[in-house]
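Pasting a structure below so you can have a look.
The values are calculated or read from the model by the stated rules, or taken from the named source; none is laboratory data. Just so it is clear, the structure is predicted and the values come from calculations on it, not from any experiment. All Cβ positions, glycine included, derive from the backbone under ideal geometry; neighbour counts span all protein chains shown.
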Amino acid sequence: MGKIEQFNYDNGIVRNFAVATAIWGLVGMLVGVLIAFQIFTPGLNMGPELTFGRLRPLHTNAAIFAFVGNGIFMGVYYSLQRLLKTRMFSDMLSKIHFWGWQLIIVSAALTLPFGITSAKEYAELEWPIDIAIALVWIVFGLNMFGTILKRRENHLYVAIWFYIATWITVTVLHVVNNLEYPWSWIKSYPVFAGVQDALVQWWYGHNAVAFFLTTPYLGLMYYFMPKAANRPVYSYKLSIVHFWALIFIYIWAGPHHLLYTSLPDWAQSLGTVFSIMLIAPSWGGMLNGLLTLRGAWDRVRDDPILKMMVVAVAAYGMSTFEGPMLSIKSINAISHYTDWTIGHVHIGTLGWNGLLTFGILYWLIPRLYNTKLHSVKMANAHFWISTLGIVFYALPLYWAGWTQSLMWKQFTPEGFLQYGSFLETVTQIIPMYMIRAFGGTLYFSGVILMLINLWKTAKSGHLIANEAAEAPAREEYVAHAGEYWHKWIERKPIQMLIASAILILIGGMVEIIPMLTIGSNIPKIASVKPYTPLELQGRDIYIREGCLGCHSQMIRPFRSETERYGEYSKSGEFVYDHPFLWGSKRTGPDLQREGGKYPDSWHYYHMMDPESMSAGSIMPPYPWLARRDLDLTYTAAKIKTLQSLGVPYPKGYAEKANDDLIKQAQDIAASLKKDGIETENLATKEIVALIAYLQRLGTDIKPSTGAVPTSN
Amino acid sequence: MFKHIINSSGNVNWMAILALLTFMFIFVISIVLIFRKDKKYLDHMAHLPLDDDEDSYSSTTLKQ
């Protein structure tokens with residue numbers, strides 16, 4: 001044994017991340033509660049910055065990257081130091097990491113409500129913030145690997161394997177999905193278009209769930225559950241198999257978000273097959289977590305921390321069973337675009353991430369402050385409130401999802417859609433939305449209770465910013481004959497990093513590279529042309545307002561959909577879509593064939609007051625679109641950017657684009673005037689651009705309208 | 001039932017088969033290697049989270 005060395009654990013940084021977790025959790029969930037009410041109360045959409053479309057990405061980003069993100073760092077900084085018996089590599093890097101991450105969160109809160117978004121789900125932040133995320137993530141990586149390299153414990157516990165795999169995979173995902181070409185200091189278009197963009201996005205989107213919400217939290221489970229139960233993990237062998245199987249399979253599953261879309265069939269099949277395979281490692285991990293409590297189940301009765309952890313792991317089991325089921329095409333045909341998906345996701349986030357985080361916070365804060373928890377009673381109350389909150393949140397959404405899907409697909413004996421008006425299928429589920437909002441509020445109130453409890457706990461003790469520890473110095477490891485290479489990998493973090501990287505790259509490359517390189521995957525359609533400058537501006541307004549949060553642009557090849565919306569979507573229709581805007585939820589109807597369905601004036605009135613055109617609509621009004629002048633400053637820059645991404649605008653078109661734009665705007669304004677809309681300078685307003693875009697949607701392949709779209 | 005699932009998920013092409021084989025390879029290798037480890041090593045690994053402090057009972061942080 002080496003010489004015993006004295007050192008300190010850095011608890012200050014753990015405390016900072018814990019505080020950030022709790023506060024951002026509160027903020028993210030508050031926004032969640034607000035949008036849960038907004039969805040059935042259009043009047044709660046208070047002005048442009050506070051509409052559902054703009055707040056929804058703020059909620060998802062806050063929940064994933066602010067709440068869970070800080071939760072990951074809190075758990076990693078605590079467990080890494082103790083598992084490796086050393087202080088973090090650099091206090092300075094820890095600080096840069098902490099403040100950098102908080103600054104990124106603040107910049108998200110300052111851009112998303114203003115409509116500065118790249119439209120990619122869970123990757124909405126624009127390019128300057130993407131670069132900041134990459135830099136801070138690298139700082140985290142340096143700090144983590146530095147710590148691993150200066151460790152006193154030879155072996156890397158399985159939790160650290162999960163941290164390493166998380167770090168490398170998130171790096172790859174973030175970089176590839178955010179390849180974008182800026183057209184201003186804050187805005188950009190993604191490099192990929194249409195189907196390719198969709199595949200890359202959902203390869204990322206699914207793995208944001210896998211490698212941000214799951215693998216790092218599994219690492220935390222493997223550390224904090226044994227701690228809380230005071231017994232080692234049920235089977236270390238199982239944890240190793242869990243690790244390798246999970247990271248290898250997870251990366252392939254992304255295309256299950258795109259079943260029955262225009263994505264080539266082979267990619268959809270891969271998504272399905274790997275998603276079903278995922279049950280095995282996921283449930284292996286879940287059982288390993290639950291069985292860790294063997295012989296300690298009596299304590300689960302009175303210990304709120306263990307209760308929370310048990311329900312968290314059970315929620316992990318439920319959502320990892322449900323996920324593969326939803327990836328079977330015939331089930332996905334029912335669930336996709338409905339609230340079922342939202343219910344599914346929240347079992348994962350509220351149950352798995354939320355309750356595990358709360359359990360860890362209740363365990364950690366008393367230790368950091370060298371005191372006892374202020375009130376076990378309050379923590380128990382929190383457990384019940386949040387568990388009930390999840391039930392009240394998820395069940396109505398399952399109900400709503402099934403109801404809506406069945407209504408969408410119901411035909412009369414004569415062969416017509418029974419619920420031909422989409423609105424009927426929305427008003428039917430509004431009571432479910434109300435119960436969901438109640439469930440969310442319940443869960444949120446539990447968090448307030450926790451904050452009070454933790455605040456009082458902290459006040460009753462003193463922060464031990466530097467906790468004294470001692471451990472023998474690390475011995476030089478002498479390899480002995482017959483040593484297996486697994487042991488060799490497991491002792492060497494860099495080998496571990498490389499092995500994980502290879503595993504996750506196999507899946508990513510096999511799926512994505514053929515899509516990017518083989519032309520036959522996306523059959524061209526000759527009549528599909530680039531957007532006119534006015535339509536392009538309208539499309540950017542559509543993105544800014546977050547319309548895709550509630551409207552899809554992807555008609556699946558089902559009779560119930562082609563009857564309702566028109567011809568099903570073809571991959572060749574999206575080749576100039578930077579970014580793709582297929583959406584993933586239909587709170588409102590699909591818009592892919594919206595063009596030419598209604599007169600321009602219908603859209604005008606509908607945007608000013610949706611209820612004037614569809615009584616009972618829950619869509620918020622957008623009156624500012626008729627007040628705001630369309631910004632023409634960047635038209636040329638946008639066209640040039642798209643040209644360099646391969647969109648075939650004629651040479652030198654960028655300079656003339658605004659002339660065409662004004663002409664088309666005047667045509668639309670004239671048509672609006674003809675229908676009695678007399679607003680002053682209508683041709684210069686944003687609403688005209690949005691109408692141009694909506695009227696263009698899906699018309700390229702309609703033989704009657706011809707190849708070149710016009711506004712009327 | 002499984003036949004139905006496979007059929008309805010379309011043509012599982014060579015890539016899926018290759019991926020499945022790669023996965024089986026990794027799965028089998030990791031199982032073989034981990035089951036050849038000695039018990040002492042596994043115990044040491046499993047106890048790593050617990051050997052840094054004596055009072056790991058979460059209940060000790062709770063006022064009863």
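In the range A:668-682, what residues are β-branched (Val, Ile, Thr) and surrounded by 17 or more Cβ atoms within 10 Å (Cβ to Cβ)?
A:Ile668, A:Ile677
Let me ask another. Only one of A:Glu511, A:Glu467, A:Glu490 is closer than 30 Å to A:Ile168 by Cβ, among the charged types (D, E, K, R), modelled with pLDDT of 85 or more and touching a helix residue (DSSP H, G or I) at 6+ places or on another chain (Cβ under 9 Å); which?
On the way: A:Glu511 fails: modelled with pLDDT of 85 or more; A:Glu490 fails: modelled with pLDDT of 85 or more.
The match here is A:Glu467.
From the list A:Ile131, A:Ile105, A:Ile96, A:Ile116, which residue is free of Cβ contacts under 8 Å to residues at least 24 places away in the same chain and either over 24 Å from A:Phe224 (Cα atoms) or outside any helix (DSSP H, G or I) (or both)?
Checking each option against the conditions leaves just A:Ile131.
Restricting to the range A:394-447, and then to whatever is touching a His at 6+ places or on another chain (Cβ under 9 Å) and of a type in the set (A, V, I, L, M, F, W, C), can you tell me which residue is surrounded by the fewest Cβ atoms within 10 Å (Cβ to Cβ)?
A:Val447
Of these, A:Leu110, A:Leu125, which one is in contact (Cβ under 8 Å) with a residue 12 or more places away in the chain and either under 20 Å from the mean Cα position of the chain (by Cα) or crowded, with 22+ Cβ neighbours inside 10 Å (or both)? Explain how you work it out, then say what you get.
On the way: A:Leu110 fails: in contact (Cβ under 8 Å) with a residue 12 or more places away in the chain.
The unique qualifying residue is A:Leu125.
Hey, can you tell me all the residues within the range A:28-44 that are within 23 Å of A:Leu451 (Cα to Cα) and in contact (Cβ under 8 Å) with a residue 60 or more places away in the chain? Explain how you work it out, then say what you get.
Within the range A:28-44, the first condition is being within 23 Å of A:Leu451 (Cα to Cα), and the residues that meet it are A:28-36.
Result: A:Met29, A:Leu30, A:Gly32, A:Val33, A:Ala36.
May I ask you to list the residues in the range A:152-172 that are surrounded by 20 or more Cβ atoms within 10 Å (Cβ to Cβ), touching a Phe, Trp or Tyr at 6+ places or on another chain (Cβ under 6 Å) and more than 9 Å from every other protein chain (Cβ to nearest Cβ)?
Answer for the range A:152-172, where residues must be surrounded by 20 or more Cβ atoms within 10 Å (Cβ to Cβ), touching a Phe, Trp or Tyr at 6+ places or on another chain (Cβ under 6 Å) and more than 9 Å from every other protein chain (Cβ to nearest Cβ): A:Trp161, A:Thr166, A:Thr169, A:Val170.
Just the residues that are in contact with a Ser or Thr (Cβ under 6 Å, 6 or more places away or on another chain) and part of a loop (DSSP other than H, G, I, E, B), please, taken from the range A:33-85.
A:Asn45
Something else: In contact with a helix residue (DSSP H, G or I) (Cβ under 7 Å, 6 or more places away or on another chain) and in a helix (DSSP H, G or I): does that describe A:Ile23? Spell out the reasoning first.
Numbers: in contact with a helix residue (DSSP H, G or I) (Cβ under 7 Å, 6 or more places away or on another chain): no; in a helix (DSSP H, G or I): yes.
No: the conditions fail for A:Ile23.
Just give me the residues in the range A:244-270 being more than 8 Å from every other protein chain (Cβ to nearest Cβ) and assigned to a helix (DSSP H, G or I), in sequence order.
Within the range A:244-270, A:Leu246, A:Ile247, A:Tyr250, A:Gly254, A:Pro255, A:His256, A:His257, A:Leu258, A:Ala267 qualify.
Kindly indicate whether any position in the range A:690-700 is under 30 Å from the mean Cα position of the chain (by Cα), assigned to a loop (DSSP other than H, G, I, E, B) and under 18 Å from A:Glu545 (Cα atoms).
yes
I need the full set of residues from the range A:219-238 which are among the hydroxyl-bearing types (Ser, Thr, Tyr) and either at the interface with chain B (Cβ under 7 Å from one of its Cβ atoms) or touching a Leu at 6+ places or on another chain (Cβ under 9 Å) (or both), in order please.
Within the range A:219-238, A:Tyr223, A:Tyr234, A:Ser235, A:Tyr236 qualify.
Here is a follow-up. Would it be correct to say that A:Val241 is within 10 Å of chain B (Cβ to nearest Cβ), in contact with a helix residue (DSSP H, G or I) (Cβ under 8 Å, 6 or more places away or on another chain), outside any helix (DSSP H, G or I) and among the β-branched types (Val, Ile, Thr)?
In short, no.
Inspect the range A:655-675 for any residue being more than 29 Å from A:Pro599 (Cβ to Cβ), within 35 Å of the chain's Cα centre (by Cα) and not hydroxyl-bearing (Ser, Thr, Tyr) and give the result as yes or no.
no
Kindly indicate the residue of the range A:279-300 that is within 11 Å of chain B (Cβ to nearest Cβ) and part of a loop (DSSP other than H, G, I, E, B) and also surrounded by the fewest Cβ atoms within 10 Å (Cβ to Cβ) among those meeting that condition.
If we take residues in the range A:279-300 being within 11 Å of chain B (Cβ to nearest Cβ) and part of a loop (DSSP other than H, G, I, E, B), then A:Ala296 is surrounded by the fewest Cβ atoms within 10 Å (Cβ to Cβ).
Keeping to the range A:341-395, report how many residues are facing another protein chain (nearest Cβ under 9 Å) and of a type in the set (Phe, Trp, Tyr).
Qualifying residue count for the region: 2.
Right, another one. Tell me, which helices (runs of 4 or more DSSP H) lie completely within chain B with 1 or more residues that are on the phi < 0 side of the Ramachandran plot, at the interface with another protein chain (Cβ under 8 Å from one of its Cβ atoms) and modelled with pLDDT of 80 or more?
Counting at least 1 such residues, we get B:14-35, B:39-46.
Would you point out the residue of the range A:215-253, among those that are small (Gly, Ala, Ser) and under 20 Å from B:Met24 (Cα atoms), that is farthest from the chain's Cα centre (by Cα)?
A:Ser239
Quick check on A:Val200: is it of a type in the set (Val, Ile, Thr), more than 25 Å from A:Lys529 (Cα to Cα) and at pLDDT below 95? Quick ask: steps written out before the conclusion?
Values: of a type in the set (Val, Ile, Thr): yes; more than 25 Å from A:Lys529 (Cα to Cα): no; at pLDDT below 95: yes.
It is false that A:Val200 is of a type in the set (Val, Ile, Thr), more than 25 Å from A:Lys529 (Cα to Cα) and at pLDDT below 95.
Among (1) over 17 Å from the mean Cα position of the chain (by Cα); (2) more than 23 Å from A:Ala63 (Cβ to Cβ), which single condition is A:Asp197 missing?
Only one criterion in (1) over 17 Å from the mean Cα position of the chain (by Cα); (2) more than 23 Å from A:Ala63 (Cβ to Cβ) is unmet by A:Asp197, namely (1).
Among the residues of the range A:7-17, is any farther than 22 Å from A:Asn143 by Cβ and over 19 Å from the mean Cα position of the chain (by Cα)? Let's see the steps before the verdict.
Within the range A:7-17, the first condition is being farther than 22 Å from A:Asn143 by Cβ, and the residues that meet it are none.
No: zero hits.
Check every one of the helices (runs of 4 or more DSSP H) wholly within the range A:530-647 and list those with 2 or more residues that are free of Cβ contacts under 8 Å to residues at least 60 places away in the same chain and either acidic (Asp, Glu) or more than 20 Å from A:Leu258 (Cα to Cα) (or both). Quick ask: steps written out before the conclusion?
Numbers: elements: A:533-544, A:559-565, A:600-608, A:610-613, A:635-644.
Passing ranges, in order: A:600-608, A:610-613, A:635-644.
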